[in-house]
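Asks: Sharing a structure with you now.
The values are calculated or read from the model by the stated rules, or taken from the named source; none is laboratory data. Just so you know, these numbers come straight off a predicted model, no measurement behind them. Cβ atoms come from the backbone with ideal geometry, glycine included; neighbour counts cover every protein chain shown. Heavy atoms of the whole protein, side chains included, go into the accessibility calculation; ligands, DNA and RNA do not. Shrake-Rupley method; radii C 1.70, N 1.55, O 1.52, S 1.80 Å.
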Amino acid sequence: MRTAADSTYIPSRPLRAGDAEAILELRRTEEGQLAVLAYSSLGLLVAGCGEEQP
């Protein structure tokens, strides 16, 4: 059985009609490396990335 705890939310740029794939939001760490953001709930995703998500 799948539960909400089994989900991971990854922020992306807005999709437009005809887009073939999503573009993930990436951030640079203090060390200059690229990092993918990931959230364990929809509420945390919106809190961290704004109302434009999902």
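Asks: Can you tell me which residues in the stretch 40-50 are assigned to a loop (DSSP other than H, G, I, E, B) and open to solvent by 70 Å² or more (accessible area, probe 1.4 Å)?
Replies: 40
Asks: A further question follows. Sort out which residues of the stretch 24-39 are assigned to a strand (DSSP E or B) and either open to solvent by less than 100 Å² (accessible area, probe 1.4 Å) or of a type in the set (Val, Ile, Thr) (or both), and write them in order of number.
Replies: 24, 26, 35, 36, 39
Asks: I'd like the full set of residues that are over 19 Å from residue 51 (Cβ atoms), in a loop (DSSP other than H, G, I, E, B) and either at pLDDT below 90 or in contact with a Cys (Cβ under 8 Å, 6 or more places away or on another chain) (or both), limited to the stretch 1-18.
Replies: Selection gives 1, 2, 3, 7.
Asks: If the Cβ limit is 7 Å and pairs must be 6+ apart or interchain, which residue in the stretch 30-54 that is over 15 Å from residue 13 (Cβ atoms) pairs with which residue that is open to solvent by less than 40 Å² (accessible area, probe 1.4 Å) and outside any loop (DSSP other than H, G, I, E, B)?
Replies: 39/45
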